[in-house]
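A short worksheet on the structure shown next.
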Amino acid sequence: MTTYIDPTAYRLGGDPALTDPRERRMNAVTNHGFRPVRAPFMTQISENLWHGGVEAGLVLPDFIEFKLSLYPREDYALTKPLKESRTVLMYDSLDQTFEQVAELAEWVNAKRKLGQVFVHCQAGLNRSSLVVAKALLLAGEVDTGQEAIDLIRARRDAACLCNSAFEAWVRGQERA
């Protein structure tokens, strides 16, 4: 078994007594800009699209059918099998590349047509926000990268896309 170490990992500090990611909230500070984060681990962004982070002890709600993880170090406990799950290694670093984002967003949108999709990284701030923003653009739910950023920040947390390289990439995106 390969040990996965993420040098960009956050200290999230959620209440371990709560196992529902919609109820358990992070008590963290971002690595980029040192902004406070008090978001739940899981937030609905749009129809059939959920966005968030992960921490040991969380149980994925049964209504989620598809999951994209961008943080292989931790995972959710399941009470029923998912229809499909993907795991992709991505870092919350300024030099992270973006070539896989469009393909992942296309996968997310294809699965959204079939049921509830959850996209997560560790904190649900940067990596997952990239994919969610691109999915919203590809689905025609927003017209510009700025609109995607505004929607994600309004529904999830103001600290989303605090990684300046990620924010700049999303700002440069337009509706497909």
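Yes/no matrix, rows are residues, columns are (1) within 15 Å of Leu49 (Cα to Cα); (2) of a type in the set (Val, Ile, Thr); (3) in contact (Cβ under 8 Å) with a residue 24 or more places away in the chain:
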residue	(1), (2), (3)
Lys134	yes, no, yes
Gly140	yes, no, yes
Ala148	yes, no, yes
Ala154	yes, no, no
Ala159	no, no, yes
Cys162	no, no, yes
Glu167	no, no, no
Arg175	no, no, yes
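Tell me, which residue of the stretch 39-56 that is in a loop (DSSP other than H, G, I, E, B) and at pLDDT 90 or above is surrounded by the fewest Cβ atoms within 10 Å (Cβ to Cβ)? Looking at the filtered set, the residue picked out is Glu47. With the structure loaded, tell me whether Glu99 is out of contact with any His (no Cβ under 6 Å at 6 or more places or on another chain), free of Cβ contacts under 8 Å to residues at least 12 places away in the same chain, over 13 Å from Leu49 (Cβ atoms) and not polar (S, T, N, Q) or whether it fails that test. Yes: the conditions hold for Glu99. Filter the stretch 17-38 down to residues that are buried (at least 21 other Cβ atoms within 10 Å of the Cβ) and among the hydrophobic types (A, V, I, L, M, F, W, C) and give me whichever is nearest to Ser164 (Cα to Cα). Restricting to residues being buried (at least 21 other Cβ atoms within 10 Å of the Cβ) and among the hydrophobic types (A, V, I, L, M, F, W, C), the top hit is Val37.
Look at (1) closer than 25 Å to Cys162 by Cβ; (2) at pLDDT 95 or above; (3) basic (Lys, Arg) and you find that Lys83 fails only one, number (1). Among (1) more than 16 Å from Phe41 (Cα to Cα); (2) surrounded by 21 or more Cβ atoms within 10 Å (Cβ to Cβ); (3) within 17 Å of the chain's Cα centre (by Cα), there is one condition Asp157 misses while meeting the rest; what is its number? In the conditions (1) more than 16 Å from Phe41 (Cα to Cα); (2) surrounded by 21 or more Cβ atoms within 10 Å (Cβ to Cβ); (3) within 17 Å of the chain's Cα centre (by Cα), Asp157 misses (1) alone. The C-beta contact set for the stretch 16-44 (first residue in contact (Cβ under 8 Å) with a residue 40 or more places away in the chain and among the small types (Gly, Ala, Ser), second residue in a loop (DSSP other than H, G, I, E, B) and buried (at least 17 other Cβ atoms within 10 Å of the Cβ), distance under 7 angstrom, 6+ apart or interchain) comprises Ala28/Tyr10; Ala28/Leu12; Ala28/Ala123; Gly33/Cys162; Ala39/Met26; Ala39/Gly124; Ala39/Arg156; Ala39/Asp157.
Of the residues in the stretch 69-90, at least one is of a type in the set (Val, Ile, Thr), touching a residue at least 12 places away in the same chain (Cβ under 8 Å), outside any loop (DSSP other than H, G, I, E, B) and touching a Pro at 6+ places or on another chain (Cβ under 9 Å).
Going through (1) closer than 21 Å to Phe41 by Cβ; (2) buried (at least 16 other Cβ atoms within 10 Å of the Cβ) one by one, Leu89 falls short only on (2).
Please find, among Ala148, Ala165, Ala154, the residue that is assigned to a helix (DSSP H, G or I), of a type in the set (A, V, I, L, M, F, W, C), under 25 Å from Val37 (Cα atoms) and touching a helix residue (DSSP H, G or I) at 6+ places or on another chain (Cβ under 6 Å).
Numbers: Ala165 fails: touching a helix residue (DSSP H, G or I) at 6+ places or on another chain (Cβ under 6 Å); Ala154 fails: touching a helix residue (DSSP H, G or I) at 6+ places or on another chain (Cβ under 6 Å).
Exactly one of Ala148, Ala165, Ala154 is assigned to a helix (DSSP H, G or I), of a type in the set (A, V, I, L, M, F, W, C), under 25 Å from Val37 (Cα atoms) and touching a helix residue (DSSP H, G or I) at 6+ places or on another chain (Cβ under 6 Å), namely Ala148.
Residue pairs whose Cβ atoms lie under 6 Å apart, separated by 6 or more positions or on different chains, with the first residue in the stretch 105-124 and assigned to a helix (DSSP H, G or I) and the second charged (D, E, K, R) and modelled with pLDDT of 95 or more, are Ala105/Lys134.
The values are calculated or read from the model by the stated rules, or taken from the named source; none is laboratory data. No experiment lies behind these values; they were computed from the predicted model shown. Backbone-built Cβ (ideal geometry, glycine too); neighbour counts: all protein chains shown.
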